[in-house]
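Beneath this line is the structure, given in C-alpha cells, with notes to follow.
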Amino acid sequence: MAGCVGGENRADQSITVAGGDQGSGVHGAATAIEGVASEELADVTLTVQQTSGTQENQVLLSQGQADVGLTTAFDYELAQNEEGYYADNPLENNPSQGFDVILAHIYMLAREGTGIETYDDLIDQNVWAYQSGSSFRIVVESALEEIGLWDEISVTDMPPDDVAGGLEEGRIDAVAAAGASYQSLVGWSSEVDARVDMQLVDWDDDVADGIDAAIPGRHELVEPYGWENQNFDMSEVVSIPVHNHVYFTEAVSNDVAYDLTMLAHENAEQLLDSFPGLLDLSEADLLTGGILPEYPIHPGVADAYEELGVWDDDWTTA
C-alpha cells in the first residue's frame, strides 16, 4: 500500500506523490507542494517519488503504488478513454480530479534565416517537438496531426538541454516552445533565448481549429511571455494550452484532499517562490482550469471548491 491515508489518526498520515522526472515541471510542482506541506501541515507527510513521467504517474496511481499524482488533463482523458498508450495498457483504476498546478502554453518558433513564416512552411523542415513519449510530445503530435502537418515534417529527437546547440548548428529549424503559467519559460527555452535569434510562426483559422479538435479546451491566444532577448513581430501567438493537474486516488481521505487544495490556494506565494513556473493559485478559479466536466472530482477537493466559491453544479464527485 502506497500510503497510510484515510485513517482516523490525522497525526500519522503519509502520502506518496508520483511526481515525474527530475527537472520536469510536474516534478518541480510536486516538490514545491511537498516543501510547503512539510511546513504547514503537521499531520500529513508527502513524499515525492521520481518517475519516468506522467504516463507512469497514472499507472502508479492505478496500481495503488501512489496516492497522489501529477499528469496532464490531455493524458488523463486518453487514459479514461483507453486511447493512445492506454489502448494497449488500460488502467484498472482511474484517479479522481483535483486541482491545476501548471498551465503550459506551447507554440511554434522558427530559427531566423530559415524562411519559415507560417505553419505550412514547416513542411519538410527539421522540427523539435519534445522527446518521444513525453507528455508534451503527445500533445504536439496530436495537434499537428489534426492540422495535417505531423507526417509532413522531419521530427528531430534530442534531449531538451541540446536544443539550443541544435538550433545554433542548423540541425533544428523550428521548435515547439513552451511558457509556464503566464510566469516564465520552460527551462531549455531560456537557453534558446540567450543563444539563438528566433521568430514566431504565424497561424490561421485551420491551425486554431486543429488545436481545438485535438486538445481538451480551446486554443489560447497568449503574449509570448518570458523571452528577454527576442524581437518578435507579433504581440500574441496561438498556443496549445496544457493543464498539468494533481489527481487523487480514493485512498486519500476527504480531509487530506481538502487540506492540500486549500494549501495550494492559501500558500500560493510560497509555492511560487519555490517553483516560479506554477500558476498563481491565490486566484481560486485557476485551481479548476484543467477540470474535465465528464469525469469525477475528489469529494475533498469539491469541499474546497465549494468553500472558495468556484464549484460548478454541472460537476460530479467520485
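The values are calculated or read from the model by the stated rules, or taken from the named source; none is laboratory data. Model, not experiment: these values are computed from the prediction. Neighbour counts are summed over all protein chains in view; Cβ atoms, including those assigned to glycine, are modelled from backbone coordinates with ideal geometry.
Being surrounded by 14 or more Cβ atoms within 10 Å (Cβ to Cβ), out of contact with any Cys (no Cβ under 6 Å at 6 or more places or on another chain) and either at pLDDT below 95 or not small (G, A, S) (or both) narrows it down to one residue among D161, D124, D151, D120; which is it?
D120
Going through Y258, Y225 one at a time, which residue ends up being among the aromatic types (F, W, Y) and within 17 Å of G179 (Cα to Cα)? Steps first, answer last, please.
Numbers: Y258 fails: within 17 Å of G179 (Cα to Cα).
Just one listed residue meets the conditions, Y225.
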Those residues of the stretch 156-214 that are over 20 Å from the mean Cα position of the chain (by Cα) and aromatic (F, W, Y) come to a total of 1
Any idea which of E228, E236 is over 30 Å from D67 (Cα atoms), in contact with a Leu (Cβ under 6 Å, 6 or more places away or on another chain), among the charged types (D, E, K, R) and not assigned by TED's automatic domain parsing to the domain that holds H298? E236
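From the list A177, A208, which residue is of a type in the set (G, A, S), touching a strand residue (DSSP E or B) at 6+ places or on another chain (Cβ under 6 Å) and not in a strand (DSSP E or B)? Spell out how you get there, then give the answer.
Details: A177 fails: not in a strand (DSSP E or B).
None of the others qualify; the one that does is A208.
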Just checking, how many residues over the stretch 286-318 are in a loop (DSSP other than H, G, I, E, B) and not hydroxyl-bearing (S, T, Y)? 16
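Residue-wise test of (1) touching a residue at least 60 places away in the same chain (Cβ under 8 Å); (2) buried (at least 19 other Cβ atoms within 10 Å of the Cβ).
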{"residue": "Q13", "(1), (2)": "yes, yes"}
{"residue": "T16", "(1), (2)": "no, yes"}
{"residue": "G20", "(1), (2)": "no, yes"}
{"residue": "G35", "(1), (2)": "yes, no"}
{"residue": "L70", "(1), (2)": "yes, yes"}
Can you find even one residue in the stretch 250-267 that is within 17 Å of the chain's Cα centre (by Cα) and buried (at least 22 other Cβ atoms within 10 Å of the Cβ)? yes
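Taking G210, is it assigned by TED's automatic domain parsing to the domain that holds E141, touching a Ser or Thr at 6+ places or on another chain (Cβ under 9 Å) and buried (at least 17 other Cβ atoms within 10 Å of the Cβ)?
Values: assigned by TED's automatic domain parsing to the domain that holds E141: yes; touching a Ser or Thr at 6+ places or on another chain (Cβ under 9 Å): no; buried (at least 17 other Cβ atoms within 10 Å of the Cβ): yes.
When the stated conditions are applied, G210 does not pass them.
Filtering the stretch 73-93 down to residues that are on the phi < 0 side of the Ramachandran plot and in contact with a Pro (Cβ under 9 Å, 6 or more places away or on another chain), which residue is surrounded by the fewest Cβ atoms within 10 Å (Cβ to Cβ)? Spell out the reasoning first.
Pass one, the stretch 73-93, residues on the phi < 0 side of the Ramachandran plot: 73-81, 83, 85-93.
If we keep only those that are in contact with a Pro (Cβ under 9 Å, 6 or more places away or on another chain) as well, we get 73-74, 76-77, 79.
Working: A73: 23, F74: 27, Y76: 24, E77: 17, A79: 23.
It comes out as E77.
Does S52 satisfy the criteria of being at pLDDT 95 or above, in contact with an Asp or Glu (Cβ under 7 Å, 6 or more places away or on another chain) and assigned by TED's automatic domain parsing to the domain that holds L271? Explain how you work it out, then say what you get.
On the way: at pLDDT 95 or above: no; in contact with an Asp or Glu (Cβ under 7 Å, 6 or more places away or on another chain): yes; assigned by TED's automatic domain parsing to the domain that holds L271: yes.
When the stated conditions are applied, S52 does not pass them.
Scan the strands (runs of 3 or more DSSP E) fully inside the stretch 6-85 and keep the ones with 2 or more residues being among the hydrophobic types (A, V, I, L, M, F, W, C), over 16 Å from the mean Cα position of the chain (by Cα) and more than 25 Å from Q131 (Cα to Cα). Outline the logic, then answer.
Values: elements: 13-18, 44-49, 68-72.
The strands (runs of 3 or more DSSP E) meeting that bar are 44-49.
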